[in-house]
Ligand code: GDP
């Protein structure tokens, strides 16, 4: 996702609020809100939505500023106090933006809850190419892995090869499937398939429908007929995040035709800016349940509005990171100790070693790195998981070649040109079968982490209280 850009723009505009007096005029606030609105529109949030959001944020911030002024009605403020107040105002604006975006992503309608031991018929709809068939496979994989008796029905008779694609995925996943090469009536196939799987006591029965390039009347009618025939427990609309601003109208057309209960946004791993997701929710008034983040069966992430907004604004996903780390730790005690150290802003190479070991158990490195606040783009590995795991393993080998003193932060590596340091770097490279440049890269990554842990330690973000709130 090219989301961090929005975070950068937002932070730039918030900086404007740091005025000498510590007070913010309406003109200044308006100018900052215009910047924020522009950044959101550029990130593909629909224009209409941005205008509403802007008004809401403005009202909220004005109210808060008034309250703040009442509390601080003292003209003899010293500089520290002014600085504090300016920083409060930018925090207020940032918080109001985050809150507004989060609440937009949490519509009143709750996602469908799957019922155990009962058939849950889930109808998938979306335009051709949105990633519907791929998402169905991921969705089936997700539930099957969690012990649900899962099956798939292919009612897409429009696209040549649709049944073969679904069949291939189903076979790989060992999920039973229903479809036909000869039957041309998608409504009949959907009905027969669903009936059969209900009789066989399947719990998650997924129905794939046809997609077309545009929302045509024919497609929408067919969807309505299938929906009437199988009476789904949930209709999931699959949308391609790279479609940007047009997602709002697309989502509206679908939700006017069928009762869309949830949304899945795909292709957020590419160049999509992510803002379109907000538009889809606003148009359907239904929650996003999953995000598609790649072409593999495991690339499906349950959606969490807060984490999404944090990432959208480039604030990192501390919550997701904590959850992932908590779940993956080989032994809980060490993890607690490490968190304790980190909350004090301490982070040695040895700490990074144990973090990386955890990360190896957590899944694809690029996802984990993406959750780290402040992680520069160039350090987030791109491409397949194999690549990122190889890089991580190399890092571990390098750290294996370090002395205790080096691991425990008793050697200052910051002066790369220093001869003794260069010799240490060469020794580590030789011991791990890597290039000295790679060792420097590792040291740079560590510096980055150390700086971040330090900042988070100071801000209290890593403290016990912050964790308890997650
Ligand atoms: P459908 O026509 O809606 O059924 O779309 P498909 O499932 O056939 O997907 C269209 C293309 O998008 C395929 O090449 C998929 O591999 C790709 N795709 C689907 N979901 C994702 C995703 O989350 N990320 C990426 N990068 N590609 C995806």
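The values are calculated or read from the model by the stated rules, or taken from the named source; none is laboratory data. No experiment lies behind these values; they were computed from the predicted model shown. A quick note on method: Cβ atoms are made from the backbone with ideal geometry, for glycine too, and the neighbour counts reach across all protein chains shown.
Of note:
- Count - residues of segment 261-297 that are part of a loop (DSSP other than H, G, I, E, B), away from the ligand (no atom under 15 Å from the Cβ) and surrounded by fewer than 23 Cβ atoms within 10 Å (Cβ to Cβ): 3
- Close pairs from segment 197-221: first on the phi > 0 side of the Ramachandran plot, partner modelled with pLDDT of 80 or more and part of a strand (DSSP E or B), Cβ under 8 Å, at least 6 apart: none
- Leading residue by the ranking (surrounded by the most Cβ atoms within 10 Å (Cβ to Cβ)) among those in segment 167-176 that are in contact with a strand residue (DSSP E or B) (Cβ under 9 Å, 6 or more places away or on another chain) and over 13 Å from residue 141 (Cβ atoms): 176
- When the criteria are applied in full, residue 179 meets the requirement of being more than 25 Å from the chain's Cα centre (by Cα), closer than 22 Å to residue 237 by Cα and within 16 Å of the ligand (Cβ to nearest atom).
- Summed over segment 223-242, the residues that are at negative phi and surrounded by fewer than 22 Cβ atoms within 10 Å (Cβ to Cβ) give a count of 8.
- Of all residues assigned to segment 69-76, none qualifies as being at pLDDT 70 or above, in a helix (DSSP H, G or I) and surrounded by fewer than 17 Cβ atoms within 10 Å (Cβ to Cβ).
- Segment 236-250, residues that are in contact with a helix residue (DSSP H, G or I) (Cβ under 6 Å, 6 or more places away or on another chain) and assigned to a strand (DSSP E or B): 237, 238, 239
- All of (1) at pLDDT below 85; (2) exposed (fewer than 12 other Cβ atoms within 10 Å of the Cβ) hold for residue 59 with one exception: (1).
- When residues of segment 142-156 are limited to those that are more than 13 Å from the ligand (Cβ to nearest atom) and in contact with a helix residue (DSSP H, G or I) (Cβ under 8 Å, 6 or more places away or on another chain), the one nearest to residue 209 (Cα to Cα): 153
- Test: residue in segment 121-130 that is modelled with pLDDT under 95, within 13 Å of the ligand (Cβ to nearest atom), surrounded by fewer than 24 Cβ atoms within 10 Å (Cβ to Cβ) and on the phi > 0 side of the Ramachandran plot: yes
- Residue match in segment 193-206 (condition: within 16 Å of the ligand (Cβ to nearest atom) and surrounded by fewer than 19 Cβ atoms within 10 Å (Cβ to Cβ)): no
- Checked against (1) over 23 Å from residue 306 (Cβ atoms); (2) within 14 Å of the ligand (Cβ to nearest atom); (3) in contact with a strand residue (DSSP E or B) (Cβ under 7 Å, 6 or more places away or on another chain), residue 138 passes all but condition (1).
- Only a single item in (1) at pLDDT 85 or above; (2) within 21 Å of residue 165 (Cβ to Cβ) is not met by residue 269, and it is number (1).
- Screening residue 166 against (1) more than 30 Å from residue 117 (Cβ to Cβ); (2) within 14 Å of the ligand (Cβ to nearest atom); (3) assigned to a helix (DSSP H, G or I) leaves a single unmet condition, (1).
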